[in-house]
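Any read-out appearing in this document is the output of simple, stated calculations on the displayed coordinates, not a laboratory observation. In this text the structure is predicted, and so the values were computed from the model without any measurement. Neighbour counts run over all protein chains shown; Cβ positions are idealised from the backbone, glycine included.
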Amino acid sequence: MKFPENLKYTKEHEWILIHEDGTATVGITDFAQGELGDIVYVEVETVGETIEKDEIFGTVEAVKTTSDLFMPVSGEVIAFNPELDEAQGDNPSLINSDAYGEGWIVKIKLTNADDLNDLLSAEAYGELVG
């Protein structure tokens, strides 16, 4: 299993891609989607809210389980992927097929860049999930 080097990771299996404009894209790792199985629903009702690092910003529902989504850094949720949204694209299986691309979950505006220091590199995350 590969983990893109340009991303940072959490021990709770989220990834984050930092953009130069102070925003970031967040999703769950390929490892996490594999453990969950077929994802059937994603709920994010926190758009417009500022969520602190490690707080829950939504949930992912698979056939047999529901898992909380934890914010990797403090930030304001500025967008929920419309392709995953039941009211729009309604295609949560994108997380299964393209966890690091089309299956992104939210975009955020960072409020504390120091939180990035607590995240894992691709190598460290790979060691974590072994």
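Would you confirm whether any residue within the stretch 79-100 is among the aliphatic types (A, V, I, L, M), part of a strand (DSSP E or B) and farther than 25 Å from L128 by Cα? The answer is yes; a qualifying residue exists. Only residues that are over 17 Å from H13 (Cβ atoms) and surrounded by 18 or more Cβ atoms within 10 Å (Cβ to Cβ) were counted in the stretch 61-80, giving 4. Taking only the stretch 19-54 into account, find how many residues are farther than 20 Å from D115 by Cβ and in a strand (DSSP E or B). Result for the stretch 19-54: 5.
Across the stretch 120-130, a minimum of one residue is classified as under 26 Å from V40 (Cα atoms), surrounded by 16 or more Cβ atoms within 10 Å (Cβ to Cβ), in contact (Cβ under 8 Å) with a residue 40 or more places away in the chain and not hydroxyl-bearing (S, T, Y).
Restricted to the stretch 1-29, and to residues there that are among the polar types (S, T, N, Q) and farther than 16 Å from E55 by Cβ, the residue that is surrounded by the most Cβ atoms within 10 Å (Cβ to Cβ) is T29.
Taking first residues from the stretch 30-59 that are buried (at least 18 other Cβ atoms within 10 Å of the Cβ) and partners that are part of a strand (DSSP E or B) and acidic (D, E), the Cβ contacts under 6 Å between residues at least 6 apart in sequence or on separate chains come to G58/E43.
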